[in-house]
Every structure is written in C-alpha cells, then in structure tokens.
Amino acid sequence: MDEPIPFRTVIKISLVAICLLFVLAYVLFQARFLIGGPQIVITGDYSFRYNERQIVITGAAYNISRLWLNDRPIYTDAQGNFKEVIILENGYTTATLRAEDRYGRETTATESFVFTPASFAE
C-alpha cells in the first residue's frame, strides 16, 4: 500500500526546485552578453560633410576581444570606450569599425564622411 508523501518532504523538494530555477535563471541572465556577441556603438553627432581633414570618432565596444578601425587595431579603455583620430581623404571616406569576440563572431559599424575644403564648401 502506498503511503502519502509527508508534507515536510514536499516542502523540501519544492524549495530545492525553486532554488535550482533561480540558479538557472541567474546563469542565463549573466550569459546574455556571451550569447549576444560583440557590439559596437558609435557615439557623437557626425555630419556628412567636413571642411577639416582630421576628425575624432568616439564610441564604445562591448563583449569584444579585438577591435579594428579600417583594418588597423585600436584599443578600448576598461569600460569599452574608444576614441580615434582619422584623417579624411579628398572626397568620400568610409570609416569601418570591426569587432570580434573570443568565439570568432564579428560585427561591423560604418560611418561615411565627405571632405570638402573650405574654399569649395559653399
């Protein structure tokens, strides 16, 4: 004959199950950055036309192991922020940021600029 499970045992099993669910939820919450892959955010208000050759590109990169600007390695601070100077060529220039995480996943962000000398800006 089957005996009913004591109430105390049901409570213990329920508490263990709830604790395991919380641990699983916490692990998934912390793994969201690894699952999401690398991210690049370009900050600053960039216009399309410039009459100065030198501009500064600023932004932040998250979940990365390497970062490049036009295939040149650049570096971030501890918070993931970067600040790089680029020289604009005559006419159209494209700045391409490429980031890679430790699993080989990549992402890119592109910003375009047109250099117009001050004498031709009108």
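The values are calculated or read from the model by the stated rules, or taken from the named source; none is laboratory data. What you see is a predicted model, and the numbers here were worked out from it, not measured in a lab. A quick note on method: Cβ atoms are made from the backbone with ideal geometry, for glycine too, and the neighbour counts reach across all protein chains shown.
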Query raised in the report: If you check residue 85 against the conditions, is it of a type in the set (A, V, I, L, M, F, W, C) and loosely packed, with under 11 Cβ neighbours inside 10 Å?
Result: yes
**Report entry** Search result, residues across segment 100-112 that are within 15 Å of the chain's Cα centre (by Cα) and either part of a strand (DSSP E or B) or aromatic (Phe, Trp, Tyr) (or both)
**Finding:** 100, 103, 106, 107, 108, 109, 110
Report summary line: Considering segment 69-93, residues that are free of Cβ contacts under 8 Å to residues at least 24 places away in the same chain and closer than 16 Å to residue 112 by Cβ, and then whichever is farthest from the chain's Cα centre (by Cα), we arrive at 92
Query raised in the report: Which one is modelled with the lowest pLDDT among residues in segment 91-108 that are surrounded by fewer than 16 Cβ atoms within 10 Å (Cβ to Cβ) and either touching a Lys or Arg at 6+ places or on another chain (Cβ under 7 Å) or not aromatic (Phe, Trp, Tyr) (or both)?
Result: 91
**Report entry** Options 66, 53: the member that is in contact (Cβ under 8 Å) with a residue 40 or more places away in the chain, of a type in the set (Lys, Arg) and surrounded by 13 or more Cβ atoms within 10 Å (Cβ to Cβ)
**Finding:** 53
Report task. Consider residue 61 carefully, then state whether it is within 12 Å of the chain's Cα centre (by Cα) and surrounded by 16 or more Cβ atoms within 10 Å (Cβ to Cβ). Result -> yes
Report summary line: Looking across segment 69-82 at residues that are among the hydrophobic types (A, V, I, L, M, F, W, C) and within 12 Å of residue 40 (Cα to Cα), the single one that is surrounded by the fewest Cβ atoms within 10 Å (Cβ to Cβ) is 69
